[in-house]
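A.B. asks: Have a look at the structure that comes next, please.
The values are calculated or read from the model by the stated rules, or taken from the named source; none is laboratory data. A quick note: this is a predicted structure, and the numbers were derived from the prediction, not measured. Virtual Cβ from ideal backbone geometry, glycine too; neighbours counted across all protein chains shown. Accessible surface areas use protein heavy atoms only, side chains included; no ligands, DNA or RNA. Shrake-Rupley method; radii C 1.70, N 1.55, O 1.52, S 1.80 Å.
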Amino acid sequence: MLLSLLLATTLRQAAARDHLDVGFAITPSFLSEPEYAQIAGTEFSVLEAENATKFEPIHPRPGNQPGSYDFAEPDKILAFAEAHHMKMRGHTLVWHSQIAPWVRRGNYTPEQMNEILHGHIDAVLKHFGRKVFAWDVVNEAFEDNGSLRSTPWFNRPGIGLADQGTKYIEQAFRWAHEANPSPKLFYNDYGIELLGKKSDAVLAMLRDFRSRHVPVDGIGFQMHVGFWLDNPGNLASLEQNMKRFSDLGLIIHVTELDMGVPNGDPDTIKRQAELYGKIVAICRRNPAVKLIQFWGITDGHSWLNRGANSGHGLLWDENYQRKPAYQAVMAALAR
Ligand code: G3I
């Protein structure tokens, strides 16, 4: 054990002694950059499509025939994962965003929406079989105040369960499990890292689901964080909040970790590294945390670099140089 740790030269190796996986969100076109492919294939044990397994790219045409689906990109990701002895995670089956235009513009009835979503979940889960080890079945179904988000799957027009609260979410988990009982099934959301109204609402739903044997295995904390997290109160809140979810018997995956910061100045980047180290230490103290996954590899490719977001959020800079954050994560994994 000690020897393997001393010899650890990658995040993947350092995490392995805790039976912890380290993942990243992949965009297959970036694999044409040799540095990207090299880091992807050596530093991580899990990957997840940043976009390629969402509804719009994977189910671009109407209907539920083989020709309605496009599995080319996801299958490339799967092939890369298999070639590098990595596991693939699925993201995401039910989400208000990136729904194919044919669904958004179809003026479908709730009965038709029910058939579309059921068919989608069934086809996607059957396509991947055992090759995808975990799925975000439902993503971002709650508002910040803990109410349910109004979405095409819930109530605009919804799948016929618009007046029944979290029933449509439950239905999606049941369909997923019926289609393929092998992957672990997750509810995934942002802004649920700390104690608060939104995490209370998600916790209540999952407590209810667990008590009624709805097939849900885990909670995904996206963790798009920033310096707002960096005070003792919030870090304690993160730890307590993770504990109350794991007390339900749920697996925890950190699914989309990144940390946008205001600039790339050395002091800022140093503080970022320290906060990354604190987060990984908290994750390691909860044995229910089985995956720490980053939302990309380099700052240059990150979604944080678009629009008004603060950037510089990941472990490698735009020139593929390891940042202090990389060293801090490595040290926290190895400690
Ligand atoms: O693929 C199309 C391309 O065909 C088209 O020409 C181009 C024109 O804009 O758009 C391309 O699609 C973009 C896609 O990323 C792939 O690059 C979409 O416009 C763009 O909206 C999409 O952004 C993604 C975003 O989810 C969508 O909401 C980001 O890359 C992705 O990082 C982000 O990831 C989400 C998670 O899934 C859920 N949690 C939050 C996280 C960050 O927003």
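A.B. asks: At what distance in angstrom do the alpha carbon centres of the stretch 74-152 and the stretch 188-230 lie from each other?
C.D. replies: Taking the Cα centre of the stretch 188-230 as reference, the centre of the stretch 74-152 is 18 Å away.
A.B. asks: What residues have an amide H closer than 5 Å to that of residue 21, excluding those fewer than 5 places away on the same chain, when H is modeled at 1.01 Å from N in the peptide plane?
C.D. replies: 291, 292
A.B. asks: Separate question: Give me the net charge of residue 249's neighbourhood, meaning all other residues with Cβ under 15 Å from the Cβ of residue 249; Lys, Arg count +1, Asp, Glu -1.
C.D. replies: Taking every other residue near residue 249 into account, the sum is +4.
A.B. asks: Now, a different point. So, R0 is 35 Å and r is the distance between the beta-carbons of residue 234 and residue 131; what FRET efficiency does that work out to, to 0.05?
C.D. replies: In this case the efficiency is close to 0.40.
A.B. asks: Also, I was wondering about something else. When the chain is treated as a GNM, springs tying every alpha-carbon pair under 10 Å, which of 43, 33, 111 comes out with the largest mean-square fluctuation?
C.D. replies: Maximum fluctuation in the GNM of the chain, among the listed residues, is at 33.
A.B. asks: Now a separate question. Above 24 angstrom, tally the Cα pairs of the stretch 58-194 and express them as a % of all pairs, no decimals.
C.D. replies: 30 percent
A.B. asks: Further question on the same structure: Quick check: from the Cα gyration tensor, does the stretch 214-326 come out rounded (a/c under 1.5), prolate or oblate?
C.D. replies: Cα axes put the stretch 214-326 in the prolate bin.
A.B. asks: Considering the zone a paramagnetic label at residue 274 would reach in this model (a point 7 Å from Cα along the Cα-to-Cβ line), which residues of the stretch 309-335 have amide N under 14 Å from it?
C.D. replies: Once the point is set 7 Å along Cα→Cβ of residue 274, 325, 328 turn out to lie under 14 Å by backbone N, inside the stretch 309-335.
A.B. asks: Can you bin every Cα-Cα distance in the chain into 20 Å intervals starting at zero and give me the percent of pairs per bin, rounded to whole numbers?
C.D. replies: 32, 59, 9, 0
A.B. asks: When DSSP beta bridges are limited to those with both residues in the chain, what percentage is antiparallel, rounded to the nearest 5?
C.D. replies: Antiparallel: roughly 5 percent of the beta bridges in the chain.
A.B. asks: When the chain is modelled as a GNM with alpha-carbon springs shorter than 10 Å, which of 97, 211, 199 fluctuates the most?
C.D. replies: 211
A.B. asks: Could you tell me which of rounded, prolate or oblate describes the stretch 154-213, using a ≥ b ≥ c as the square roots of the eigenvalues of the alpha-carbon gyration tensor, with rounded for a/c under 1.5 and, failing that, prolate when a/b is larger than b/c and oblate otherwise?
C.D. replies: Since a/c reaches 1.5 but b/c is at least a/b, the shape of the stretch 154-213 is classed as oblate.
A.B. asks: Carbon and sulfur atoms: what percent of the 1.4 Å accessible area of the stretch 189-300 do they account for?
C.D. replies: For the stretch 189-300, the apolar C and S fraction of the accessible surface comes to 54 percent.
A.B. asks: At most 15 other Cβ atoms within 10 Å and a DSSP loop assignment: could you name the GluC sites (Glu not before Pro) in the stretch 243-329 that fit?
C.D. replies: Answer in residue order: 318.
A.B. asks: Would you mind computing, in nm to one decimal, how far apart the modelled labels at residue 178 and residue 281 are, each placed 7 Å from Cα along Cα→Cβ?
C.D. replies: Placing both labels 7 Å along Cα→Cβ, they lie 4.8 nm apart.
A.B. asks: Report, by chain and number, residues whose modeled amide H sits under 5 Å from the one on residue 142, excluding near sequence neighbours (fewer than 5 apart, same chain).
C.D. replies: Close amide H contacts, sequence-distant or interchain: 149.
A.B. asks: OK, next. Considering only the other residues whose Cβ falls under 15 Å of the Cβ of residue 239, what net charge follows from Lys and Arg at +1 and Asp and Glu at -1?
C.D. replies: With Lys, Arg at +1 and Asp, Glu at -1, the neighbours total +2.
A.B. asks: Next question. Place a label point 7 angstrom from the Cα of residue 83 along the Cα-to-Cβ direction, then list the residues of the stretch 11-54 whose backbone nitrogen is under 11 Å away.
C.D. replies: 31-32, 37-38, 41
A.B. asks: Name the helices (complete DSSP H segments) of the chain with a Cα length along the long axis of 30 Å or more and a Kyte-Doolittle mean of at least 0.0, or state none.
C.D. replies: Membrane-span-like by this rule: not one helix.
A.B. asks: Would you mind getting me the FRET efficiency between residue 18 and residue 321? Use the beta-carbon distance for r and R0 = 41 Å, nearest 0.05.
C.D. replies: The pair residue 18/residue 321 has a calculated efficiency of 0.95.
A.B. asks: Straight-line reach from residue 76: which lysines fall under 24 Å, measuring Cα to Cα and dropping same-chain residues less than 8 apart?
C.D. replies: Once the sequence-local lysines are set aside, what remains near residue 76 is 54, 87, 126, 131, 184.
A.B. asks: With the chain treated as a Gaussian network of Cα nodes joined by springs under 10 Å, which of 191, 129, 41 yields the largest mean-square fluctuation?
C.D. replies: 129
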